[in-house]
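See below for the structure under consideration.
The values are calculated or read from the model by the stated rules, or taken from the named source; none is laboratory data. Fair warning: this is a prediction, and the values are worked out from it, not measured in the lab. So basically every Cβ, Gly included, is an ideal-geometry build from the backbone, and we count neighbours across all protein chains shown.
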Amino acid sequence: MAERTGAARSFDFSQSYLVFKDDAFEWLRTAPRNSIHAVVTDPPYGLSEYSDEELQKLEKGRGGIWRIPPTLDGCTRSPLPRFTVMSRTDHQKLREFFTRLATLLLPVLVPGGHVFIATNPLVSHLVCGPFATVGFEKRGEIVRIVHTLRGGDRPKNAHKEFPLVSVMPRSCWEPWVLLRKPCEGRVQDNLRKWKTGGLRRISDARPFRDLIESSPARGKERKVAPHPSLKPQAFLRQIVRAALPLGEGVILDPFMGSGSTIAACVACEVDSIGIESNSKYFLMANKAIPHLSRLVTPKHPDA
């Protein structure tokens, strides 16, 4: 693994992946043009949920942005940011965040490069709007079917008064917004020049699909990488494989977290770059990537 602070003018992938402890926006500002072929990332949505103050509250298990759900039927639920209490000001900050991200990504991506962004049904529109305004094309959404036991709760402190009322639906899916930098000419022309523009098929007979069943990360994965937003390798490997239609190029995760996307790239034998500004998670990723990449996952049923 190569570990460096700050952006590089050129990339040496002798060890297949690079990780940078840096601010994603600062890194992108000096990254080479047309150097990234796809982006797969799960960005921060509260913008402040990964601040030192909020992470301390998360570790203590109370207060702050993170909601610590109660144990349900013996199952301990993972903490999650409080998307439902975001104000109009919070929404505007998210629009500004994604406008800035899209603006910096556009010149760094090669023409036809795809961007996969994990989001939430309540805020996905705050991702698509800014990216479309900057010049990206929306190409759909990947629906990750995942039963997380989130939502479906009765009114707080009034569950006995309103026993047949839920505040919002029980969450059974997670949208991943799919965007693309416009191609140069036809898709076939773009594939020949930039090796991008489409999505890699599962097999000759099966195209990549926008519906993927995926259990939450558990067991060995969570022990290796105890990150609050950890995504499972079985899911991420399908995404990173699809992101490079010819199996060639560089995948970027500008908000690397525990390094799970980079580990998926290693497992799929594609080059990747990860960026993380939080010292704790950067160290976690350094340790976790080799272990996560070696985990055996179920073979895709359509392969």
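Leu283 fulfils the conditions (1) surrounded by 17 or more Cβ atoms within 10 Å (Cβ to Cβ); (2) outside any loop (DSSP other than H, G, I, E, B) except for a single criterion, (1). Residue check, Val165 against (1) under 30 Å from Phe25 (Cβ atoms); (2) modelled with pLDDT of 90 or more, all met but one. Which one? Val165 satisfies all of (1) under 30 Å from Phe25 (Cβ atoms); (2) modelled with pLDDT of 90 or more except (1). The set of residues from the stretch 103-160 being without any contact (Cβ under 8 Å) to a residue 24 or more places away in the chain and polar (S, T, N, Q) comprises just one member, Asn157.
Taking the criterion of being modelled with pLDDT under 95 and of a type in the set (S, T, N, Q), the residues of the stretch 92-137 that qualify are Gln92, Thr119, Asn120, Ser124. Selection of helices (runs of 4 or more DSSP H) fully inside the stretch 105-224 by the criterion of at least 3 residues being crowded, with 16+ Cβ neighbours inside 10 Å returns 125-134, 187-194.
For the stretch 252-273, the criterion of being surrounded by fewer than 22 Cβ atoms within 10 Å (Cβ to Cβ), in a loop (DSSP other than H, G, I, E, B) and either small (Gly, Ala, Ser) or without any contact (Cβ under 8 Å) to a residue 24 or more places away in the chain (or both) is met by no residue. All conditions in (1) closer than 17 Å to Tyr17 by Cα; (2) among the charged types (D, E, K, R); (3) surrounded by fewer than 20 Cβ atoms within 10 Å (Cβ to Cβ) hold for Glu276, with the sole exception of (3). If you check Gly197, Gly219 for being touching an Asp or Glu at 6+ places or on another chain (Cβ under 9 Å), among the small types (Gly, Ala, Ser) and at positive phi, only one passes: Gly197. Of the residues Val177, Val143, Val134, only one is touching a Phe, Trp or Tyr at 6+ places or on another chain (Cβ under 6 Å) and either under 20 Å from Ile251 (Cβ atoms) or not hydroxyl-bearing (Ser, Thr, Tyr) (or both); which? Sole residue among the options that is touching a Phe, Trp or Tyr at 6+ places or on another chain (Cβ under 6 Å) and either under 20 Å from Ile251 (Cβ atoms) or not hydroxyl-bearing (Ser, Thr, Tyr) (or both): Val143.
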